[in-house]
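I have placed the structure first, in the form of structure tokens, so that the comments after it can refer back to it.
Every number in this text was worked out from the coordinates using simple rules, so none of it is lab data. Quick caveat: nothing in here was measured; it's all calculated off a predicted structure. All Cβ positions, even for glycine, are placed from backbone atoms using ideal geometry, and neighbour counts span all protein chains on display.
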Amino acid sequence: MTMKSDIAIARSAAKRPIEEIAAGVGLRFEDLIPYGRHIAKVPVELASKPRKEGPGKLILVTAMTPTPQGEGKTTNTIGLGQAMKKIGKNVMIAIREPSLGPCMGLKGGAAGGGYSQVLPMEDINLHFTGDLHAISATHNLLAAVIDNHLHQRAEPAIHPRKVCWRRVIDMNDRTLRNIIVGLGGAGINGVMREDGFEITAASEVMAILCLARSIADLKERLSNIVVGYDYLGKSVTVADIGVQGAMTALLKHAINPNLVQSIEGVPVLVHGGPFANIAHGCNTLVATRAALNLGDYVITEAGFGADLGAEKFFDIKCRVGDLTPSAVVLVVTRRAVAAHGIENVMKHVENVRLFGLPVIVSINRFLGDNDTDLQNILKQCREGGVDASITDFREAGGEGGLELAEKVCSHCDSPGSFAPLYPLDMKIEEKISTIAQKVYGAANVELSDKARKAIKRIEDLGYGNLPVCMAKTPASLSDDPRSPGRPTGFTITVSDAKVSAGAGFVVVYTGTIMTMPGLPKHPAALDIDINNEGEISGLF
């Protein structure tokens with residue numbers, strides 16, 4: 001059997017006008033900000049207008065430790081939404097926006113796959129409504145103002161070697177990781193100093209947009225960004241420089257969630273896309289809250305495995321947004337089980353249960369998977385006391401997961417007792433140890449001298465009560481990407497920490513974390529083309 005490409009399936013699908021999709025969840029045409037026939041933004045105010053029936057039930061899709069190709073979380077998220085619609089449920093989906101960097105690089109698009117994807121596929125993967133470009137412009141406006149601040153010797157004085165605000169671009173470009181700015185011109189080109197670029201998804205502006213509740217909250221969070229330190233070590237913020245108004249103005253439209261549709265007509269809010277290793281890896285809070293005010297069930301996802309994405313979803317996003325999830329779906333694949341073993345699956349199940357939530361395993365079928373292998377995984381899950389179903393969302397759409405949909409709804413009726421992993425008044429080092437030992441399974445945590453000094457400074461500056469956002473490899477439960485399965489007895493090594501005061505968390509670095517990916521030997525961009533009629537090919 002030959003697998004049809006995502007773009008071929010998307011192009012053959014019949015799209016409904018976006019006002020029809022909106023009407024299905026009670027939105028009038030007047031509520032929409034149209035972007036053509038099949039895309040619309042919805043006002044951010046929807047996130048703060050609760051419906052009389054009360055909020056919908058929130059379902060998180062996460063995964064076991066993934067392989068480099070990913071295990072199909074987004075496909076499962078969309079497919080599950082379609083399956084729930086087929087069994088008669090009023091359902092909304094809320095997912096992240098694709099980034100151009102990975103789309104042109106290794107992983108391709110990020111809007112689901114096969115018969116469980118969102119439409120229009122080309123537009124969503126290429127520019128969409130311009131949100132990521134607005135974030136890039138906002139981030140780089142601040143970078144330009146900081147360098148002008150240095151050049152003009154404005155107050156408060158910022159130490160040129162202690163600027164902690166780099167530049168961003170929404171493209172994988174390893175040559176920009178480390179640069180020198182201010183070269184030439186005998187001083188007229190600004191202060192010469194080391195700088196560099198990160199990918200837009202790694203920007204704190206992205207993280208802020210994804211956690212802000214309103215335009216007012218967005219402006220306040222932008223004001224709190226720490227851009228650097230003065231000569232005495234005191235933090236200098238955006239509010240000290242005074243550019244928060246202009247930054248918020250650039251994000252005026254970007255804060256409004258984007259409404260599209262799945263192949264089977266389920267309404268989907270696609271909005272925001274922070275990195276899941278140095279940020280919280282979830283779509284925007286306003287999109288999730290808006291979805292909860294429109295649907296009886298809302299399905300969302302968090303990046304990478306449950307050790308990273310789910311933990312941050314629970315400890316950061318749910319805490320900030322006053323969200324209470326009802327159930328969790330853990331995506332498992334044959335290839336990931338072959339790489340990591342069933343014990344890895346069981347550890348991620350334990351991780352979800354640490355937060356008091358029920359978990360159901362979705363064994364995601366890939367074309368060519370052996371039925372015996374999938375049935376063996378199913379048997380092992382059930383023998384381990386875990387509810388599980390084999391799903392085939394890519395090739396069969398919603399029909400490929402009707403059993404899973406019924407189980408998810410059943411678990412939502414008995415949602416457990418959700419609680420974050422640690423209290424905010426715990427010391428930063430204790431928060432790190434709690435996550436490392438309980439979620440990762442580490443025996444010890446070792447902090448470098450640099451990390452200890454950074455954490456002390458963060459606490460001395462008054463940021464000790466923020467949640468921590470662990471920056472760790474997604475390829476292992478440990479901080480060593482070469483350690484598969486369920487490692488034990490290992491030590492998590494913390495190399496550094498920094499405060500993302502606007503986003504409202506402390507980033508803790510373990511191992512080597514890359515915030516500007518490079519292109520692979522054969523980038524996906526080499527296969528993308530467009531003909532004279534404007535039809536795009538090679539996008540996947």
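What's log10 of I(q)/I(0) for segment 278-428 at q = 0.16, 0.18 Å⁻¹, Debye sum over Cα points only, no solvent?
-0.94, -1.17
For a test of the definition: using alpha carbon positions, the gyration tensor, and the 1.5 limit on a/c, classify segment 211-355 as rounded, prolate or oblate. Before the final figure, lay out the partial values.
Working: a/c = 2.50, a/b = 1.47, b/c = 1.70.
Verdict is oblate for segment 211-355.
So what is the orientation-averaged projected area of segment 77-152, using the convex hull of its C-alpha atoms, in nm²? Please report the intermediate quantities before stating the final value.
Numbers: hull surface 28.1 nm².
Mean projected area of the Cα convex hull: 7.0 nm².
Let me make sure I get this right: for segment 131-238, a, b and c are the square roots of the gyration tensor eigenvalues over alpha carbons, sorted descending. Under 1.5 in a/c it's rounded, otherwise prolate if a/b > b/c, else oblate. Which is it?
Numbers: a/c = 2.14, a/b = 1.26, b/c = 1.69.
In terms of gyration-tensor shape, oblate.
What FRET efficiency comes out for residue 192 versus residue 234 if R0 is 25 angstrom and r is the Cβ-Cβ distance? Round to the nearest 0.05. Intermediate values should be presented prior to the final figure.
Numbers: r = 24 Å, r/R0 = 0.95.
According to the calculation, E is roughly 0.55.
Rounded to the nearest Å, what's the spacing between the alpha carbon centres of segment 278-334 and segment 360-396? Just the number, please.
Cα centroid of segment 278-334 versus Cα centroid of segment 360-396: 23 Å apart.
What FRET efficiency comes out for the pair residue 403/residue 532, r = Cβ-Cβ distance, R0 = 60 Å, nearest 0.05?
Values: r = 46 Å, r/R0 = 0.77.
It comes out at approximately 0.85.
Where does the Debye-calculated log10 I(q)/I(0) of segment 440-536 sit at q = 0.12, 0.15 Å⁻¹, using only Cα point scatterers of equal weight, no solvent?
Calculated log10 I(q)/I(0) at the listed q: -0.55, -0.72.
Please list the radius of gyration and Dmax for the chain, considering alpha-carbon atoms only, with Å as the unit.
22.6, 72
By counting other Cβ atoms within 10 Å of each Cβ, how are 450, 347 ranked from fewest to most?
Fewest-to-most ranking of 450, 347: 450, 347.
In what sequence do 123, 131 fall when counting other Cβ within 10 Å, fewest first? Walk me through the numbers on the way to the answer.
Working: 123 17, 131 26.
Lowest to highest Cβ neighbour count: 123, 131.
If you rank 530, 377, 59 by fewest surrounding Cβ atoms within 10 Å, what's the result? Don't jump to the answer; show the numbers that get you there.
Numbers: 530 12, 377 22, 59 28.
Arranged by neighbour count, lowest to highest, 530, 377, 59 become 530, 377, 59.
Relative contact order of the chain, please, whole-number percent, based on alpha carbon pairs below 8 angstrom and at least 6 residues apart. Before the final figure, lay out each step's value.
Details: 1241 pairs, mean separation 116.7, N = 540.
Relative contact order of the chain: 22 percent.
For n ≥ 4 DSSP H runs only, could you compute -39500 (n - 2.57) per run for the chain, divide by its residues and tell me the 222 nm figure to the nearest 500? Display every interim value, and only then the final one.
Working: 19 runs with 165 residues, N = 540.
Computed mean residue ellipticity for the chain: -8500 deg cm²/dmol.
In whole angstrom, how far apart do the alpha carbon centroids of segment 399-439 and segment 443-511 sit?
20
Which percent of the Cα-Cα distances in segment 351-481 go past 25 Å?
On the way: 4084 of 8515 pairs.
Within segment 351-481, distances greater than 25 Å cover 48 percent of Cα pairs.
Roughly how many whole Å is it from the C-alpha centroid of segment 1-57 to that of segment 194-225?
26
Amide H of residue 446: which non-local residues (sequence gap of 5 or more, or other chain) have their own amide H closer than 5 Å, using H built in the peptide plane?
492, 493, 494
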